[in-house]
Amino acid sequence: MRPLSLKGHERALTRVRFNREGDLTFSCAKDKKPCVWYTENGERIGSYDGHNGAVWDIDVAWDTSKCVTASGDLTVKIWDAELGSCLYTVNHQTPMKSCGFSYSGNLVCYTTQKMTKNLSTVQVRDIRDGNQMAEGGESFFATQFDVNATTALFTQMDDLITIGFESGLLQQYDLRNPDSPIHTNESVHRYSIQDLQLSPSGEFLISASRDKTAALLDVNDLKKLKQYKSERPVNSACVAPNRDHICLGGGEDAMQVTQTSVSAGHFEAKIYHMVFEEEFARFKGHFGPINTMAWHPSGTIIATGGEDGYVRIQEFDEDYLGFTYDF
């Protein structure tokens, strides 16, 4: 493997993503500036300036025309991805934890945290509607929870949204009915859902949890298909676009890192076979837990973001590309 180490953030990474073509890498961290890079050589193109707190999530539309960021400064911002200018700002009373575009790129969803008397919410807005994006505008889908919603994403075109909670609960909502979920799974995870990602084909969801497991779920009904066990909390997991492989990243809590040797911390990314649930490879790189990861659309590269403030772009070598699993 020939990794690129990208140093553009001053604090721990919270999200890395590729655009649909894979030529650009988007990253955000607990500093105030989300960045965009060339995947090929790791050159930083620029940053999106405007937030005043940790940026917890970033997503990019299918045509790379816009990106959305969710921040601890109580705002979600929609940006012109090319020019870096802020198009819209959505304000709330509590920090925003995750955000994402729908399949068409016209809808944006975000989760807000539970604090004092404010409940945790998941909201969806249509960025084509000026009234919804205006100051004080109402979102067309909003639902409240008594437990923190940590992550949310669109799972079926622009119709369904899946939400992961701090309690380990997973729920799926139809946007036409915010009152009750159409599917619920409360048995697959025992602790907080750290990450939810859709497989490139759109057939599966992969959830990463603090209970040291990741689960492959049916996108239509949230049924557990497979579960992958790790020795440490799993912060992020992704599905390969062209092989039956899963990659998990995590490690010991950042708070305990100073008391842990690198080997004992299990900071490596681990690759599992999707069907047999067996780990067959791992790669090192970060000094500290891996907080986020994304698989490149070509299937030959993985980007990881760590507590150490680095984005690492790992390009697989021939050993992996020529690997066949014996069964």
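The values are calculated or read from the model by the stated rules, or taken from the named source; none is laboratory data. Computed from a predicted structure; not experimentally measured. Ideal geometry is used to build each Cβ from the backbone, glycine not excepted, and the neighbour counts take in all protein chains shown. Areas reflect the complete protein model, heavy atoms only, side chains present, ligands, DNA and RNA absent. Shrake-Rupley method; radii C 1.70, N 1.55, O 1.52, S 1.80 Å.
Remark: C-alpha extents of region 94-142 on the principal axes read 34, 22, 14 Å, sorted largest to smallest.
Taking Gly72, Gly202, Gly136 as the candidate residues, the one with maximal mean-square fluctuation in a Gaussian network model of the chain, Cα springs under 10 Å, is Gly136. A cut-off under 9 angstrom between Cβ atoms defines the neighbours of Tyr191, and their net charge, with Lys, Arg +1 and Asp, Glu -1, is +1.
To put it simply, the accessible area of the chain at a 1.4 Å probe is 46 percent carbon and sulfur.
Relative to the globular-protein estimate of 2.2 N^0.38 Å, the Cα radius of gyration of region 84-190 stands at 1.05. For every other residue with a beta carbon closer than 12 angstrom to the beta carbon of Ile45, add +1 if it is Lys or Arg and -1 if Asp or Glu, then tell me the sum. Every neighbour counted, the sum reads -3.
Could you give the accessible area per residue of region 4-322, probe 1.4 Å, as a whole number in Å²?
42 Å²
Specify the residue with the greatest mean-square fluctuation among Gly137, Gly168, Gly285, computed from a Gaussian network of the chain linking alpha-carbon atoms under 10 Å apart. Maximum among the listed residues: Gly137. In the structure shown, the pairs Lys223/Lys270; Lys66/Lys229; Lys117/Lys226; Lys33/Lys224; Lys33/Lys223; Lys77/Lys226 are assessed against 32 Å; a Cα-Cα span above that value is assigned to Lys66/Lys229; Lys117/Lys226; Lys33/Lys224; Lys33/Lys223; Lys77/Lys226. Across region 54-105, the volume of the C-alpha convex hull divided among the residues equals 67 Å³ per residue. Our analysis of the chain gives Rg over Rh at 0.94, with the two radii drawn from alpha carbon positions and Rh computed by the Kirkwood formula. Taking the Cα centre of each part, how many Å lie between region 136-187 and region 60-123? A separation of 15 Å, based on Cα centres. Springs between Cα atoms under 10 Å define the GNM used for the chain, and in it the highest mean-square fluctuation of Ser192, Ser120, Ser139 occurs at Ser139.
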